[in-house]
Amino acid sequence: MSKKVIFSTNQKHAPGKRRCTFCTNQMKDIDYKDIGTLKQFMNGFQKIKNRYYSGVCLRHQKMLATGIKRARHLALVPFTN
Ligand SMILES: [Zn+2]
């Protein structure tokens, strides 16, 4: 007798909902001077991480992008390696 294994198709990630870190911490705006936080959302090439990988919501991703760009302009964060 063979058992039928059913995989759920609409489950993209591992169990447990991924939530936006800024939403959970109830952060209304992202500080461009907070380099430590900004660097968490940048990859090894100093590029802004994709929303798919970071799990940030659209609203905060846009704020994060402007924050990183401002920090880059002020040379707080490098453009590239
Ligand atoms: Zn958010």
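Only the coordinates and a few stated rules stand behind these numbers; no lab work does. Every value quoted in this text rests on a predicted model; they were computed, and no experiment measured them. Using ideal geometry, Cβ is built from the backbone for each residue, glycine included, and neighbour counts are taken over all protein chains shown.
What's the local net charge at LYS33, with K and R +1, D and E -1, over the other residues with C-beta under 13 Å away?
Working: positive: LYS39, ARG70, ARG72; negative: ASP29, ASP31, ASP34.
Charge balance in the 13 Å sphere: 0.
Other residues whose C-beta falls under 11 angstrom from the C-beta of ALA71 contribute a net charge of +3, scoring Lys and Arg +1 and Asp and Glu -1.
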